[in-house]
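For reference, the structure is listed below as structure tokens.
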Amino acid sequence: MKAEHRQRTSATTGREVATGASVTGSDVPNSGRHAAARRRLLEDGRERGLYSGATWSLGDAAGPYDRGWTGTRALDGPALDGHDLWDLASVTKPIVGLVVMALVDRGVLGLDDTVGQHLARYSGSPHAARTVAQLLDHTAGLPGGVPLYRDHPTRESLLAALGPLPHSAEPGTHVTYSSQGFMLLGLIAEQATGQGLDQLTADLVSAPLGLTDTRFRPGTADRARAVATEACPWRGRTVVGEVHDENAVVLGGVAGHAGLFSTLADLERLALCLLGGGRPLLEPDTLTLMTAPRTDHLNLRRALAWQGQDPVGSPVGDTFGPTSYGHTGFTGTSLWLDPEAGRYAILLTNRVHSGREERGFAALRRDFHTIGSLPTGQVPPDDAHG
């Protein structure tokens, strides 16, 4: 018990550099008080049954100034230790987006390239004329989350069913969040390079940043430290170390819309890279293009593979600046960055562990991000947890 208390205190109140050494966070105004408020909020979320565990990091260009974890890998599982492996769910999308933009940087892909240009099997489908850019910013008119796995239990049958899906809008006229569009993006990247998406992610994202734990399809050893997601009725078991998204399961665990696993430390490295301008992943101008809002004239603010900071209804509240960008994941994950303020926020949970219905997690996530941005000395009241 005493050892656990020491671990949690050092993980929460110190500014931690990449080596894991803790140094004081006193240069961040009221950092200790804000850190304590975040921990209370996230511990309360576990007590309310919103998840079995949570880990988090907030930082700037100098690194994390508040990071920690609370809870267990499953309700009856071992305690989190900071090296836990999380199913990123749709936070996979912007990482795959980085792969696509790296290929754009290299001249392998163009944002105006079309689906039909790269994927012969869809050359006669309604998607053939949709562009890479439209897939990235969700303006291609493809439908949202279609449970193709229910009627198409093999990879080939699911890919065949993807082709004739009807469009929900004309291209460029409406933002419709579409996992199906990112399935196509993953296929386009593979076809253009002759490499699997898992290898492309390893070569173009993980290796340049030294991300040792960010990958599709964790092996047996990695699954031992994976955080459980849902007791899945379709699979008849609690899912641990296997992608939660059922369409991604049918696609073999490697897909453009879901399937990546990662750790807190790896996402911190990614956040610092993005705050620093994108190198060595992307040229700075390419990152600027990727993260700039493109759909302010439509219903939602979207960039290329990133969610923008919507003026109303943002999943992280209203305290991030207008140029902020990030992404959330269905399993309870999020990464958000504010380039003007030079800060990031990471929150990883397994909010689907007790069921996928919404039970108050959305409000907790907004509160979590608000605490880090309140005026000096102000924290939410203890009962403002959603």
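Observations on the model:
- Amide H contacts for G145 (H built 1.01 Å from N in the peptide plane; partners 5 or more residues away or on another chain; cut-off under 5 Å): S179.
- Each Cα pair under 8 Å and six or more residues apart adds its separation to the average, and for the chain the resulting relative contact order is 22 percent.
- Cβ-derived FRET efficiency at R0 30 Å, S354 paired with N299, nearest 0.05: 0.40
- Karplus-derived HN-Hα couplings along the stretch 138-148 (A = 6.51, B = -1.76, C = 1.60, θ = phi - 60°), whole Hz, x at Gly and Pro: 6, 10, 6, x, 5, x, x, x, 9, x, 4
- Measuring nothing but how far apart in sequence close Cα pairs (under 8 Å, 6+ apart) lie, relative to its length, the stretch 138-211 scores a relative contact order of 37 percent.
- Zero-based 5 Å bins, Cα pair distances in the stretch 31-186, whole percents: 2, 8, 13, 14, 13, 10, 10, 11, 11, 6, 1, 0
- Backbone geometry of the stretch 63-74 corresponds, through the Karplus equation with coefficients 6.51, -1.76 and 1.60 at θ = phi - 60°, to 3J(HN,Hα) couplings of x, x, 10, 8, 9, x, 7, 8, x, 10, 6, 8 Hz, x marking Gly and Pro.
- Within the accessible area of the chain, the carbon and sulfur atoms contribute 53%, probe 1.4 Å, all protein chains present.
- Residues of the stretch 233-263 with an amide N closer than 18 Å to a point placed 7 Å from the Cα of S168 along the Cα-to-Cβ direction: 246-248, 257-258.
- Close amide H partners of R343, meaning residues 5 or more places away or on another chain with modelled amide H under 5 Å apart, are D338.
- For the stretch 327-332, Karplus couplings with θ = phi - 60° (6.51, -1.76, 1.60), whole Hz, Gly/Pro x: 7, 10, x, 4, 6, x
- Accessible surface, 1.4 Å probe, highest first, among residues R39, R215: R215, R39
- The residues neighbouring A226, those whose beta-carbon lies less than 10 Å from its own, together hold a net charge of -1 under the Lys/Arg +1, Asp/Glu -1 convention.
- Cut-off under 5 Å, modelled amide H: who pairs with D66 long-range: L58
- Efficiency of FRET between A61 and A292 - r from beta-carbon atoms, R0 22 angstrom, step 0.05: 0.60
- Ranked order, W336, W69, W234 - accessible area, probe 1.4 Å, largest first: W234, W69, W336
- Using alpha-carbon coordinates, inclination of helix 92-105 to the longest axis of the chain, degrees: 60
- In percent, rounded to a whole number, the relative contact order of the stretch 229-273 is 22, using alpha-carbon pairs under 8 Å and six or more apart.
The values are calculated or read from the model by the stated rules, or taken from the named source; none is laboratory data. Worth saying up front: this structure is predicted, and the values here are computed from it rather than measured. With ideal geometry, Cβ positions are generated from the backbone for all residues, glycine too; neighbour counts draw on all protein chains shown. With ligands, DNA and RNA removed, areas are computed over all heavy atoms of the protein, side chains included. Shrake-Rupley method; radii C 1.70, N 1.55, O 1.52, S 1.80 Å.
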